[in-house]
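Reviewing the structure listed below.
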Amino acid sequence: MGLRVGLVGVGPVGDMIIRVLKERKFPIVGEIIVMATNERIEVLGGERFHVRKIRADLFKELDLVFFAGKEGAQGASVQWGKIAVDNGCIVIDNGGDFRMHPDHPLVIPEVNMDAVTKETRHICNPNCSTIQMVVALAPLHRAARLHRIVVSTYQAVSGHGGSAMKELLKESQQVIDSESPQYDSKIFTHPIAFDCIPHIDKFLTNGYTKEEMKMINETRKILNEPNLLINPTTVRVPVLVGHSESINAEFAGDMDAVKASTILSDMNQSPGVVVIDGLTKDAEGITVRKDPLERQYPVTRDLNSNEYKDAVLVGRIRNDTTRKNAIDLWCVSDNLRKGAATNAVQIAESMLQRGLL
Ligand SMILES: NC(=O)c1ccc[n+]([C@@H]2O[C@H](COP(=O)([O-])OP(=O)(O)OC[C@H]3O[C@@H](n4cnc5c(N)ncnc54)[C@H](OP(=O)(O)O)[C@@H]3O)[C@@H](O)[C@H]2O)c1
């Protein structure tokens, strides 16, 4: 038995959804119906697909549709999300248009799968930078209740779509060739080659960007903690794929680096997290650091391995020496996989397991 599956949008996220569905052997009947604004042939996940121009009757043939289209009024979810649902589909939506709507659950399967019920038809995938932060912090929150988060992100250009990846490569080559980068200001406000830009999405009147407000509002919604204090700075860096985050987290209850390391190293308590921090277990099974001077930590390159590609990698776990019950950590995850496609497919898998699909 399988489901009739569709995909809207064939940028890097759509491409990755096809790959992840195949890798995880998601039960599909027939061929995946792929839609975008224009009809054409595209290679997605290494396979040729007939991309159809999106239209309402295509949704009638489907049980489940992954949306990976552009956001906003002309975007895929606003224009087609309700039509898909009205035609009998369950929608899992990567875009940001409905994430904060009270009728749409915003879901990370390891954290709040119970938000999806048998009435749910349109589920939202959180923003990539929110997903990895919440996967890393939710187990600690369950143990000692988060009070405040200060986070700085180092976000890959693929978070802005396929055009931004080409832009980074083009500009980098220009710099290598001793030319000044001819940058496209519609993609980034400054050249991104060999530089960092503390500006992701639009600025708001409070001085934060929309990306930063997403991290605040989405985290509060997923953890069901409307008053949680969160102070983000989001930065675009010249990396193709893989976001990194430096996180300072303060807790209401007891928390320190050893306790955090023990919890995060336990896959039952911390599903989806892998600690890369030079830690080991002693004879009694307690998490200890063999050599305090020999630290390990994850980098985005680690995401290329099969073992780590869908994980949230955590390292640099240490006490914040300026505050009680506060720790610092570094976390790395693939924005196209766990930050988008893998999370979306995991939602569908969990719905199947729970008889919701
Ligand atoms: N990239 C990431 O790391 C990341 C992470 C989490 C979430 N997201 C979200 O995931 C979505 C996809 O991201 P992406 O980076 O893959 O995007 P992208 O490269 O900009 O690709 C967007 C795709 O959506 C299609 N599309 C746009 N408007 C449409 C409409 N009205 N109807 C049907 N199709 C439409 C486009 O069709 P054409 O090709 O025909 O123009 C294109 O194939 C975005 O909402 C993004 O915010 C991205």
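For segment 110-135, filtered to residues that are touching a strand residue (DSSP E or B) at 6+ places or on another chain (Cβ under 6 Å) and among the polar types (S, T, N, Q), the residue that is surrounded by the fewest Cβ atoms within 10 Å (Cβ to Cβ) is Ser129.
Of the numbered criteria (1) at pLDDT below 95; (2) within 26 Å of Cys128 (Cα to Cα); (3) among the small types (Gly, Ala, Ser), the one Ala341 fails is (1).
Scanning segment 9-37 for residues being near the ligand (Cβ under 10 Å from one of its atoms) and within 18 Å of the chain's Cα centre (by Cα) gives a total of 9. Could you please let me know if Leu313 is out of contact with any Phe, Trp or Tyr (no Cβ under 8 Å at 6 or more places or on another chain), part of a strand (DSSP E or B) and at pLDDT 95 or above? Yes. Of the set (1) in contact (Cβ under 8 Å) with a residue 24 or more places away in the chain; (2) under 24 Å from Leu357 (Cβ atoms), all apply to Asp114 but (1).
So His190 clears everything in (1) within 14 Å of the ligand (Cβ to nearest atom); (2) out of contact with any helix residue (DSSP H, G or I) (no Cβ under 9 Å at 6 or more places or on another chain) except one condition, right? Which one? Every condition holds for His190 apart from (1).
Here is a list: Glu349, Glu307. Which entry is part of a loop (DSSP other than H, G, I, E, B) and more than 16 Å from the ligand (Cβ to nearest atom)?
Within the list Glu349, Glu307, the selection yields Glu307.
Please work out if Met255 is loosely packed, with under 14 Cβ neighbours inside 10 Å and in the same structural domain as Asp195 (by TED's automatic domain parsing). Considered against the rule, which asks whether it is loosely packed, with under 14 Cβ neighbours inside 10 Å and in the same structural domain as Asp195 (by TED's automatic domain parsing), Met255 comes out as no.
Counting the residues of segment 117-147 that are part of a strand (DSSP E or B) and within 21 Å of the chain's Cα centre (by Cα) gives 4.
In segment 163-183, is there at least one residue being touching a Leu at 6+ places or on another chain (Cβ under 6 Å), within 14 Å of the ligand (Cβ to nearest atom) and either closer than 30 Å to Asn319 by Cβ or at pLDDT 95 or above (or both)? Looking through segment 163-183, at least one residue is touching a Leu at 6+ places or on another chain (Cβ under 6 Å), within 14 Å of the ligand (Cβ to nearest atom) and either closer than 30 Å to Asn319 by Cβ or at pLDDT 95 or above (or both).
Within segment 1-10, how many residues turn out to be part of a loop (DSSP other than H, G, I, E, B) and either at pLDDT 95 or above or among the acidic types (Asp, Glu) (or both)?
3
Out of curiosity, is Ala143 away from the ligand (no atom under 16 Å from the Cβ), small (Gly, Ala, Ser) and buried (at least 20 other Cβ atoms within 10 Å of the Cβ)? For Ala143, the condition - away from the ligand (no atom under 16 Å from the Cβ), small (Gly, Ala, Ser) and buried (at least 20 other Cβ atoms within 10 Å of the Cβ) - is not met. Of all residues in segment 212-232, those being outside any loop (DSSP other than H, G, I, E, B) and either under 16 Å from Ala136 (Cβ atoms) or touching a helix residue (DSSP H, G or I) at 6+ places or on another chain (Cβ under 7 Å) (or both) number 8. Pick from segment 168-188 the residues that are surrounded by 12 or more Cβ atoms within 10 Å (Cβ to Cβ) and outside any helix (DSSP H, G or I): which of them is farthest from the chain's Cα centre (by Cα)? Top of the filtered list is Pro181.
The strands (runs of 3 or more DSSP E) found entirely in segment 18-109 that carry 3 or more residues being modelled with pLDDT of 95 or more and surrounded by fewer than 21 Cβ atoms within 10 Å (Cβ to Cβ) are 40-44, 47-53.
When Asp328, Asp302 are checked against the criterion of being assigned by TED's automatic domain parsing to the domain that holds Ala136, crowded, with 18+ Cβ neighbours inside 10 Å, among the acidic types (Asp, Glu) and closer than 30 Å to Gly95 by Cα, a single residue qualifies: Asp302. Taking first residues from segment 8-23 that are without any contact (Cβ under 8 Å) to a residue 60 or more places away in the chain and over 14 Å from Phe67 (Cβ atoms) and partners that are of a type outside the set (S, T, N, Q) and in a helix (DSSP H, G or I), no Cβ contact under 8 Å between residues at least 6 apart in sequence or on separate chains turns up.
The values are calculated or read from the model by the stated rules, or taken from the named source; none is laboratory data. Computed from a predicted structure; not experimentally measured. Every residue, glycine among them, receives a Cβ derived from its backbone with ideal geometry; neighbour counts consider all protein chains shown.
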